1. So, residue 122, is that one modelled with pLDDT under 95 and crowded, with 18+ Cβ neighbours inside 10 Å or not?
2. Does residue 67 satisfy being over 18 Å from residue 108 (Cβ atoms), among the charged types (D, E, K, R) and either out of contact with any His (no Cβ under 7 Å at 6 or more places or on another chain) or in a loop (DSSP other than H, G, I, E, B) (or both)?
3. Among the helices (runs of 4 or more DSSP H) confined wholly to the range 113-190, which include 2 or more residues that are over 19 Å from residue 94 (Cβ atoms) and of a type outside the set (D, E, K, R)?
4. Out of 103, 68, which single residue is among the hydroxyl-bearing types (Ser, Thr, Tyr), at pLDDT 95 or above and within 26 Å of residue 183 (Cβ to Cβ)?
5. Could you give me the residue pairs with C-beta distances under 9 Å whose first residue belongs to the range 163-188 and is on the phi > 0 side of the Ramachandran plot, whose second residue is among the aliphatic types (A, V, I, L, M) wherever it lies, and which are 6+ apart or on separate chains?
6. Based on this model, can you work out whether residue 82 counts as assigned to a loop (DSSP other than H, G, I, E, B), within 20 Å of residue 172 (Cβ to Cβ) and either open to solvent by 40 Å² or more (accessible area, probe 1.4 Å) or without any contact (Cβ under 8 Å) to a residue 40 or more places away in the chain (or both)?
7. For the range 26-45, name all the residues that are in a loop (DSSP other than H, G, I, E, B), on the phi < 0 side of the Ramachandran plot and either touching a His at 6+ places or on another chain (Cβ under 6 Å) or not small (Gly, Ala, Ser) (or both).
Amino acid sequence: MTQNSTKLVATPGQTIGPFYGYALPYEKDSQLVHRAHAGSIRLHGVVYDGQGTPIPDALLEIWQADETGVISRETGSLVRDDHTFTGFGRVAVDNEGHYTFTTVNPGATQEGKAPFISLVVFARGLLNKLHTRIYLPEDTDALAKDPLLSSLPEERRKTLIATREANGDLYFDIRLQGENETVFLSYPGA
């Protein structure tokens, strides 16, 4: 380095990745049950950024109990055989931010608890994944008694409760920031 050299300044970091199109998707990844399965439903919605614009490159994962509230211990989440429920699914959103899972309504894992689906969001610009829950809208008593929902201001609770459509499917939008931002959970020590 010479005496008249200027000091180099680091450029700002960029968060253009991660890129999910390679290695993470797998056959039938969003199909926890076959659509012909008795009791199958479609869980779908759109992932939005803070400006209300759909995010075209997010990846979502869900974990859930079966219809009776049993958490599956089955292996083979990445190899779908059309009859073994593993409780796990993964899907990349389409170019308009829309996602779809074929699954079942989860049952309550404990007496009096509100049934829910755990959801994780991975997306460009997120330095860490985001965790949230999707609650079923029907059991208003269980929703009112749920410890997590009860800990939130009333106007924030609705961001965790799906809408039941006329055909029985569930609709749930995910808003990463801004107005009606979805409540995201943290797990200290994890």
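The values are calculated or read from the model by the stated rules, or taken from the named source; none is laboratory data. Owing to the predicted nature of the structure, the values given are computational and were not obtained by experimental measurement. Counting neighbours? That spans all protein chains shown, and the Cβs are built from the backbone with ideal geometry, glycine included. Quick note on the areas: whole protein, heavy atoms, side chains included, nothing else; ligands and nucleic acids left out. Shrake-Rupley method; radii C 1.70, N 1.55, O 1.52, S 1.80 Å.
1. Numbers: modelled with pLDDT under 95: yes; crowded, with 18+ Cβ neighbours inside 10 Å: yes.
Judged against the criteria, residue 122 is a match.
2. On the way: over 18 Å from residue 108 (Cβ atoms): no; among the charged types (D, E, K, R): yes; either out of contact with any His (no Cβ under 7 Å at 6 or more places or on another chain) or in a loop (DSSP other than H, G, I, E, B) (or both): yes.
Taking the combined requirement at face value, the residue does not satisfy it.
3. On the way: elements: 140-145, 147-150, 154-157.
The helices (runs of 4 or more DSSP H) meeting that bar are 140-145, 147-150.
4. Numbers: 68 fails: within 26 Å of residue 183 (Cβ to Cβ).
After ruling out the rest, the residue left standing is 103.
5. Listed pairs, sorted by first residue: 168/41.
6. Numbers: assigned to a loop (DSSP other than H, G, I, E, B): yes; within 20 Å of residue 172 (Cβ to Cβ): no; either open to solvent by 40 Å² or more (accessible area, probe 1.4 Å) or without any contact (Cβ under 8 Å) to a residue 40 or more places away in the chain (or both): yes.
Against the criterion (assigned to a loop (DSSP other than H, G, I, E, B), within 20 Å of residue 172 (Cβ to Cβ) and either open to solvent by 40 Å² or more (accessible area, probe 1.4 Å) or without any contact (Cβ under 8 Å) to a residue 40 or more places away in the chain (or both)), residue 82 does not qualify.
7. Answer for the range 26-45, where residues must be in a loop (DSSP other than H, G, I, E, B), on the phi < 0 side of the Ramachandran plot and either touching a His at 6+ places or on another chain (Cβ under 6 Å) or not small (Gly, Ala, Ser) (or both): 26, 27, 29, 32, 33, 34, 35, 37.
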